[in-house]
Amino acid sequence: MKIGIVCYPTYGGSGVVATELGKALAKEGHEIHFITYSQPTRLDFFSENLFYHEVSVKSYPLFDYPPYELALASKMVDVVEHEKIDILHVHYAIPHASAGYMAKQILKTKGIHIPVITTLHGTDITLVGKDATYEPVVTFSINQSDGVTAVSNDLRKDTMNLFDITTKIEVIPNFIDLERFKKQKKDHFKKAICPNDEKLIVHTSNFRKVKRVQDVIDVFNRVRKVVPSKLLLVGDGPERFHMEELCRNLCNIDDVRFLGKLEAVEEVLSVADLFLMTSEKESFGLAALEAMACEVPVISTNAGGLPELNLDGTSGFVCNVGDTETMAEKAIHVLDDANLDRFKDGALSRAKDFDVSNILPIYVGFYQQTLENVNKNITSIA
Ligand code: GMT
């Protein structure tokens, strides 16, 4: 198949999923055309089946807000027409689903019937999408998509509750490439961070309010009083400055390190003993899955789709949002040498359920089904 993929090309989970999906499909022989405003972060190598089309937005003194959605829709039209794309798959509803709808209508006037699939990732529904600023357009463009997927049952449920949805939503979870995300031998790295054999706790995120990074610091503070440990904070975002301040006030600063954005996060995860995900909302929790694949147990909240990924008592524990006392108790239990190996095995075994080899065929099947449905409709109209 020739597939056009539209996504945010940044470090965010939706962009990572879209890029890894495109790479995996290209490996299977499909031709993948990424349509974004810059080269996706993880698309940094050459493959004969991967193409990148840049959306550039022309500015004009009249525009306080350059019309990205129009430039994107125009680019989609151009790529579909000239590259003979079979199906468009847009990731993150805003503004990709509505741009996809517009491209589809324009292409229809040229006799081209392009199916558009929208994948909902989380904040496009639970935070931004439900706001009255965008809600009518999000509802319309989800309902007008030829296929819709959500990354967890919980996100599907939220979408049905928050919007007036008249179309079926298929759940296709996030996935992981276990060839890349696996525990690597990095003893020298562990020794450098934990010279006295301390336990290593890791958190990675985009440091937005929704991640409640202050709870990570609170949990760490409680744990370190019982278990000698260090904390690594990976990623960057609006809350990082406040979190650095909080650490300076609360912790021994030698025990906490902020690493910023990292390309090879699996190297850090390879030496971690525990991963913390304290989010207030989390549709799936890709960062936790990456940790599990590297044999790192997870203490997470029970928000959104997290309990669908993190099995309580097996791959780690799930706790109520904000209940840092219980999170710390569970963390101390997991970090106990008598328990740690069992949880590490549990984490890896759960991650294997989401291996790309299990999830990719579901996407391919969904593309084929959507194409068939659209073709059937065209034939019945003609
Ligand atoms: O986590 C974020 O804030 C980034 C966001 C995104 O769309 O880039 O991630 C969302 O999509 C990921 C991939 O499907 C999910 O694993 C994350 O759970 C989800 N984040 C939230 O729901 C907050």
For segment 217-231, give me the residue count where each residue is out of contact with any Asp or Glu (no Cβ under 7 Å at 6 or more places or on another chain), farther than 21 Å from PHE241 by Cβ and either assigned to a loop (DSSP other than H, G, I, E, B) or free of Cβ contacts under 8 Å to residues at least 60 places away in the same chain (or both). 3
Residues LYS190, LYS211, LYS168: which one is near the ligand (Cβ under 10 Å from one of its atoms), touching a residue at least 12 places away in the same chain (Cβ under 8 Å) and among the basic types (Lys, Arg)? LYS211
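Listed here are the residues, each with its yes/no results for (1) under 25 Å from the mean Cα position of the chain (by Cα); (2) open to solvent by 20 Å² or more (accessible area, probe 1.4 Å); (3) closer than 30 Å to ILE381 by Cβ; (4) among the hydroxyl-bearing types (Ser, Thr, Tyr).
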site	(1), (2), (3), (4)
LEU43	yes, no, no, no
LEU50	yes, yes, no, no
TYR60	no, yes, no, yes
VAL77	no, no, yes, no
ILE87	yes, no, yes, no
LYS108	no, yes, yes, no
THR126	yes, no, no, yes
THR133	yes, yes, no, yes
When you scan segment 7-49, how many residues do you find that are small (Gly, Ala, Ser), in a helix (DSSP H, G or I) and either within 11 Å of the ligand (Cβ to nearest atom) or not assigned by TED's automatic domain parsing to the domain that holds LEU70 (or both)? 4
Only one of (1) within 16 Å of the ligand (Cβ to nearest atom); (2) assigned to a loop (DSSP other than H, G, I, E, B) does not apply to THR133, and that is (1)
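Each row is one residue, and each column tells you yes or no for (1) hydroxyl-bearing (Ser, Thr, Tyr); (2) assigned to a helix (DSSP H, G or I); (3) assigned by TED's automatic domain parsing to the domain that holds ALA288; (4) touching a residue at least 40 places away in the same chain (Cβ under 8 Å).
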site	(1), (2), (3), (4)
THR326	yes, yes, yes, no
ALA331	no, yes, yes, yes
VAL334	no, yes, yes, yes
ALA338	no, yes, yes, no
ARG342	no, yes, yes, no
ASP345	no, yes, yes, yes
PHE366	no, yes, no, yes
THR370	yes, yes, no, yes
ASN373	no, yes, no, yes
Qualifying position, being open to solvent by 20 Å² or more (accessible area, probe 1.4 Å) and over 28 Å from LYS168 (Cβ atoms), among LYS376, LYS352: LYS352
Single condition VAL148 does not satisfy, out of (1) of a type outside the set (S, T, N, Q); (2) assigned to a helix (DSSP H, G or I); (3) surrounded by 15 or more Cβ atoms within 10 Å (Cβ to Cβ): (2)
Please go through segment 151-162 and pick out each residue that is surrounded by fewer than 19 Cβ atoms within 10 Å (Cβ to Cβ) and either touching a residue at least 60 places away in the same chain (Cβ under 8 Å) or not assigned by TED's automatic domain parsing to the domain that holds GLU372 (or both). ASN153
Residues of segment 234-261 satisfying the condition of being in contact (Cβ under 8 Å) with a residue 40 or more places away in the chain and open to solvent by 40 Å² or more (accessible area, probe 1.4 Å): ARG257, LYS261
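Of the residues ILE217, ILE165, ILE169, only one is of a type outside the set (Phe, Trp, Tyr), surrounded by 15 or more Cβ atoms within 10 Å (Cβ to Cβ) and outside the structural domain of TYR367 (by TED's automatic domain parsing); which?
ILE217
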For residues that are within 22 Å of LYS58 (Cβ to Cβ) and surrounded by 22 or more Cβ atoms within 10 Å (Cβ to Cβ), tally how many sit in segment 96-106. 5
Considering residues that are closer than 25 Å to GLN105 by Cα and open to solvent by 40 Å² or more (accessible area, probe 1.4 Å), the number found within segment 26-37 is 2
Output the residues belonging to segment 273-292 that are within 7 Å of the ligand (Cβ to nearest atom) and in a loop (DSSP other than H, G, I, E, B). SER279, LYS281, GLU282, SER283, PHE284, GLY285
Just the residues that are in contact with a Gly (Cβ under 6 Å, 6 or more places away or on another chain) and closer than 22 Å to ASN358 by Cα, please, taken from segment 25-60. ILE32
What tally of residues in segment 215-226 results from selecting those that are touching a helix residue (DSSP H, G or I) at 6+ places or on another chain (Cβ under 6 Å) and within 16 Å of the ligand (Cβ to nearest atom)? 1
Reported set for segment 262-276 where residues are within 21 Å of the chain's Cα centre (by Cα) and surrounded by 13 or more Cβ atoms within 10 Å (Cβ to Cβ) is LEU262, VAL265, GLU266, GLU267, VAL268, LEU269, SER270, ALA272, LEU274, PHE275, LEU276
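The values are calculated or read from the model by the stated rules, or taken from the named source; none is laboratory data. Quantities reported herein were computed from a predicted structural model and do not represent experimental measurements. All Cβ positions, even for glycine, are placed from backbone atoms using ideal geometry, and neighbour counts span all protein chains on display. Side chains are part of the model used for accessible areas, which takes the heavy atoms of the whole protein and leaves out ligands, DNA and RNA. Shrake-Rupley method; radii C 1.70, N 1.55, O 1.52, S 1.80 Å.
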